[in-house]
1. Return the pairs, sorted by first residue and then second, in which the second residue is open to solvent by less than 40 Å² (accessible area, probe 1.4 Å) and in a helix (DSSP H, G or I), the first residue lies in the stretch 282-296 and is farther than 11 Å from Leu211 by Cβ, the beta carbons are less than 6 Å apart, and the residues are 6+ apart or on different chains.
2. So which residues in the stretch 108-126 are surrounded by 16 or more Cβ atoms within 10 Å (Cβ to Cβ) and in contact (Cβ under 8 Å) with a residue 24 or more places away in the chain?
3. Looking at His154 and the list (1) within 16 Å of ligand 2 (Cβ to nearest atom); (2) more than 16 Å from the chain's Cα centre (by Cα), which single condition is not satisfied?
4. Which of the residues belonging to the stretch 188-208 are touching a Leu at 6+ places or on another chain (Cβ under 8 Å) and either away from ligand 2 (no atom under 13 Å from the Cβ) or open to solvent by 10 Å² or more (accessible area, probe 1.4 Å) (or both)?
5. Need the failing condition index for Glu73 against (1) part of a loop (DSSP other than H, G, I, E, B); (2) without any contact (Cβ under 8 Å) to a residue 12 or more places away in the chain; (3) within 16 Å of ligand 1 (Cβ to nearest atom), just the number.
6. If we scan the stretch 77-93, do we find a residue that is on the phi > 0 side of the Ramachandran plot and in a loop (DSSP other than H, G, I, E, B)?
7. Within the stretch 144-166, identify whether any single residue is of a type outside the set (A, V, I, L, M) and in a strand (DSSP E or B), and answer yes or no.
8. Can you name the condition, by its number, that Ser181 falls short on among (1) in contact with a helix residue (DSSP H, G or I) (Cβ under 7 Å, 6 or more places away or on another chain); (2) within 16 Å of ligand 2 (Cβ to nearest atom); (3) at pLDDT 95 or above?
Amino acid sequence: AKRIFSGVQPTGVITLGNYIGAIKQFPELQDQGDAIYCIVDQHAITIQQDPKELRSNIRSLAAMYIAVGIDPEKSILFIQSEVPAHAQAGWMLQCVTSIGELERMTQFKDKSAKAAGTNETVLAALLTYPPLMAGDILLYNTDIVPVGDDQKQHIELTRDIAERFNKRYKKTFKIPDIALSKAGRRIKSLQDPTKKMSKSDANAKATIRLLDTPKQIEKKIKSAVTDSEGIVRYDKENKPGVSNLIDIEAALTNSSTEDVVAKYDGKGYGDFKAGVAQVVIDHLAPIQARYNELIDSEELDRILDEGAEKANAIANATIQRMEDAMGLGRGS
Ligand code: ATP
Ligand code: MG
């Protein structure tokens, strides 16, 4: 079976972008291979986090993974910091990565510019986190990484790092492939449809979160930035706002953008937005119900304990091979 690995940062309630771009695929993939899903809390602290909030975001994300359909009988679900091998691997892989490669990452450029703009310190870890992410993936002999296309560059770097390590030391890693979702590769901000929708966006109106109430969803979609043409048609270049809403409806209903456009033929933006909002509300209702059952349950802790145990066993074996390849310690 193919090994599948993916992670999400606990930096806030997940957005429709995270869901459509990555997480919606997770339950389908767990039937096609050996799936491992991670809550990457060590990545979250590359931007300053409030400790209390981080804790609660971690638990919330765990419940959300299960609520969208991750089955702990089929998949491993765990928290990154509960598997120390990730930090160990991240360090070793930093030692086969150049500063130039890290400075080229657009995520680093975007996030460091944003931090600088708000007078926040740009932390060293914001630069060096791609090797940690490479470790996340490589520790599990991963074949396939289902992520949104904003992560493409990081996956390419992961492949480079793995190949370099294999060549410089000893063949240790499998070279992973990226799996992009067909529908809605990149969902855009509702307020600035030239930017991607981001969990950590400070503007609440820019994102739809999986725990938003029907009222909030309606309001946010109603105030989504569109254009003055007044015709519902798909044109990413000239109508990024309208096209983004079409992408959202198409992805959630597993239909084509043409089907969505046809549905709103002859309708104005008012009807269009109300229709898209209804699709989102209906899609999220059962997810939210399951989430509410889980969030304070002991079941959730049991799942995470078991996940950490299984992940530790796999990851520690890889660390041993990495240390042996590099000549660290005294060997086993
Ligand atoms: P942050 O702003 O904290 O980086 P994020 O919204 O980018 O949050 P991540 O935890 O970094 O979320 O990414 C989780 C998954 O969601 C990744 O697979 C990523 O590629 C995907 N993803 C993130 N934003 C989008 C988007 N706008 N459209 C499609 N996929 C996305
Ligand atoms: Mg991100």
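1. His283/Leu252; Arg290/Ala67; Leu294/Ala63; Leu294/Ile66; Leu294/Leu300
2. Hits for the stretch 108-126 are Lys111, Ala115, Leu123, Leu126.
3. (2) is the only condition that His154 fails.
4. Lys205, Ala206, Ile208
5. Result: Glu73 fails condition (3) only.
6. Among the residues of the stretch 77-93, not one is on the phi > 0 side of the Ramachandran plot and in a loop (DSSP other than H, G, I, E, B), which makes the answer no.
7. yes
8. Status for Ser181: all satisfied but (3).
The values are calculated or read from the model by the stated rules, or taken from the named source; none is laboratory data. The structure displayed is predicted, hence computed values, not measured ones. No Cβ is skipped: glycine too gets one built from the backbone with ideal geometry, and neighbour counts run over all protein chains shown. The accessibility values were calculated without ligands, DNA or RNA, using every heavy atom of the protein model including side chains. Shrake-Rupley method; radii C 1.70, N 1.55, O 1.52, S 1.80 Å.
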